[in-house]
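J.: Sending over a structure as structure tokens; questions will come in a sec.
The values are calculated or read from the model by the stated rules, or taken from the named source; none is laboratory data. From a predicted model like this one, the values you see are computed outputs, not experimental measurements. With ideal geometry, Cβ positions are generated from the backbone for all residues, glycine too; neighbour counts draw on all protein chains shown.
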Amino acid sequence: MKNLLFLMIAFFGLFATSCSDDDKDEKEVIKTMERTISLEYAEYDLTSQEPLEINAKLSVASETELKIPFTLAGSLVKDQGYTISAEEFVFPAGVRDAKVVITFKENFKADSNIKLTVKASETIKAGKFMEATIGVGVGEKVYCNFNKASEDFTDKFALTIRVTDKNDRKIDLTKPMTIPFVIKEGNTAVYGEHFVFEDLVDDKKEFILKPGQINTTLNLKVLKYEEGKTNFTITIDPAAEKFTTGATKECVVTIQPSMQSRLVGKWVGKSIDDYDYLKESCSFGSFPNDYIGIPTAVTEDSFTVDLSGEKPAITFDMKSDLKNYFRNCTFEFLETMEDPQDYYGSQPNPTSPPLQFHVAKFKLSKANVYFSADEELEAEVKIGFYIREVDGKQNLDVLIYDYAPKAFLANEWKKLEDTNDYMPEWWHIRYSFVRE
């Protein structure tokens, strides 16, 4: 029995010694194994402006932290065309993977490159890829075009550019893209004296395109109208080589006198100009009786705009049913907006405004939104003004946006309210007046 016990103890002791030797041998093998490093790829073709990750991998993880440096070269210069998160790969203990991130600046040059080369050492041998070439923007540019080659504006205005790839498709962005622009020399209007851009970030002259957008705007504001000093030209910064332009590579902007000053004086009634449009637009005439009694302007209607008081004011002398809406009031300018493109139809008559034009939107201190002789609800309202030349005379379009009619269009309006389909810019009534 004692002999058996002795044999068992001897056996297990020999087994334990063997396992210990095996573990020791395995660790020695790992220690003596040649450790290599390799980049994930030898070439990167950058086709967007998003940050780029460069990955490196060790053949065997280290028991302690490893830092492996690399060099940067190429035609694109660090800190001018791009920044990099580090200048060495850092491998924590027990981890085989590491990365650095290259972030490109807005003005990097297309068709340039970066060369990243990893340095081998006595302890870290060269693996499969020790150098990576990052081709920047090869064949890929961002195309920018102004919405129009020329713009006229008063007071405030949103200047629009369209930003696409070479196939006129929306650019896939995960963060905003800034597009630098310049004011060309030789202008008569002076930036900071006659006009400013309202929404620049840190006073940088840049458009900002957000993810999901294809158009972006920049708000301009008139500081002072001065005869003979009304023009300036904006173009995409030619030094920003990533961006290219098409037919409308620049926009010539002309400052007009303020809309308030152009309204001063007396205007007399002419007509209601979009009755058929209004009838077709709401519910395609599904409530015929709703169109009975739509107010029409008459030549005896008039109003006068006066800026001499403490606040700009309008005095109305309406003889038609327009007296049921308008009240003597003060008014203030809100914004210049581009009116819906085609609400006058695809074939406007010669006296209609162009399919795209800028309406100056104002707020009146009061009007009867019920547009009724029997019911009254006075409230602030928004209306639009547009001045155009017809047969050598100044015509003024007055677009009524805010109204809740009781004497006409009642069923149409109830349907719109029930379906949340009410858009004042679309369901307006437009009247024409002419300067006396």
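J.: Please verify whether Phe371 is of a type in the set (Phe, Trp, Tyr), modelled with pLDDT under 95 and farther than 15 Å from Val264 by Cα, treating the condition exactly as stated.
T.: yes
J.: Moving on to the next point. Can you tell me which residue within the range 221-268, out of those that are of a type in the set (Lys, Arg) and part of a loop (DSSP other than H, G, I, E, B), is surrounded by the fewest Cβ atoms within 10 Å (Cβ to Cβ)?
T.: Ranking the qualifying residues of the range 221-268, first place goes to Lys224.
J.: Also: Could you list, in sequence order, the residues of the range 367-414 that are in contact with a Ser or Thr (Cβ under 8 Å, 6 or more places away or on another chain) and crowded, with 17+ Cβ neighbours inside 10 Å?
T.: Correct list: Asn395, Leu396, Asp397, Val398, Pro405, Lys406, Ala407, Glu412.
J.: Among the numbered criteria (1) under 30 Å from Asp165 (Cα atoms); (2) at pLDDT below 85, which single criterion is violated by Lys99?
T.: Here Lys99 clears every test but (2).
J.: Confirm whether Glu300 is among the acidic types (Asp, Glu), surrounded by fewer than 16 Cβ atoms within 10 Å (Cβ to Cβ), outside the structural domain of Glu151 (by TED's automatic domain parsing) and at pLDDT 90 or above.
T.: Criteria met by Glu300.
J.: I've got another one for you. From Pro405, Pro350, grab the single residue that is assigned to a loop (DSSP other than H, G, I, E, B) and at pLDDT below 85.
T.: The match here is Pro350.
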